[in-house]
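**Q** Pasting a structure here, questions to come.
Nothing in this text is a laboratory measurement; each read-out follows from the coordinates by a stated rule. In this text, all values refer to a predicted model and were calculated from it rather than measured experimentally. Please note: Cβ atoms are built from the backbone with ideal geometry, for glycine as well, and neighbour counts cover all protein chains shown.
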Amino acid sequence: MKFIKNSSKTTTALGDLECIDVYKKSGDLEILGTLYNRYMHLVFGVCLNYLKDEEESRDAVMQIFEELVVKLRIHQVQNFKSWLHVLTRNHCLMVLRKKSRSSTVSLEEALVENTDFVHLDVDDAKESKLTVMEACMQTLTEEQRICVDLFYLQEKCYKEIVDVTGYDMNRVKSYIQNGKRNLKICIEKNSGE
């Protein structure tokens with residue numbers, strides 16, 4: 001599953017952040033393709049884990065690359081691999097949500113006990129928890145939401161968060177601590193734990 005077959009030796013020698021910088025300046029899709037090729041097998045694995053279908057996962061890999069073309073220009077990425085993982089997971093969750101909204105059940109299927117609906121799948125439980133967490137993230141103040149997102153989801157350190165947000169160090173620590181506590185309370189309240 002190669003995306004771009006002929007990548008120049010200069011772009012293969014560049015690190016992730018250097019490739020991102022060159023791509024942002026030049027808009028050269030070959031450089032972005034070289035960077036994406038490094039992690040494409042991981043993206044495919046995450047997609048396959050969520051979507052459970054090889055063909056659908058291959059499509060998702062291509063769609064995620066298309067998202068990268070735009071999102072990488074507007075986001076400040078410090079750790080490409082973890083950022084790409086979050087982007088991939090979010091893409092898969094959106095695909096699953098769209099599928100669940102558009103799925104229809106015939107009257108016969110609704111009247112007959114369907115074992116698929118009797119036993120909850122572990123992935124459904126994870127999806128439910130992630131949905132609750134995403135909803136609870138929206139209940140945080142903007143400052144808490146930004147700091148929690150940067151710290152836990154984008155794996156940035158306090159100093160990087162200070163640089164990105166402009167908040168002082170004590171405020172960043174406070175926003176993360178209070179945001180984490182409020183998030184935990186909200187999740188427990190909405191998941192019945």
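**Q** Stokes-Einstein diffusion coefficient for the stretch 22-81 at 37 °C in a medium of 0.692 mPa s, Rh from the Kirkwood formula over Cα pairs: what value in µm²/s?
**A** Working: Rh = 12.2 Å.
Result for D is 269 µm²/s.
**Q** Oh, and also: Using the basic label-point model (7 angstrom from Cα toward the beta carbon), what is the LYS81 to LEU14 distance in nanometres?
**A** 2.0 nm
**Q** Points 7 angstrom from Cα along the Cβ direction at LYS189 and LEU96: gap in nanometres?
**A** If labels sit at LYS189 and LEU96, their model points lie 2.5 nm apart.
**Q** Right, here's the next one. Among TYR158, GLN138, SER174, pick out the residue whose Cα is farthest towards the positive end of the charge dipole of the stretch 126-183, where Lys and Arg carry +1 and Asp and Glu carry -1 on C-beta, about the Cα centre.
**A** SER174
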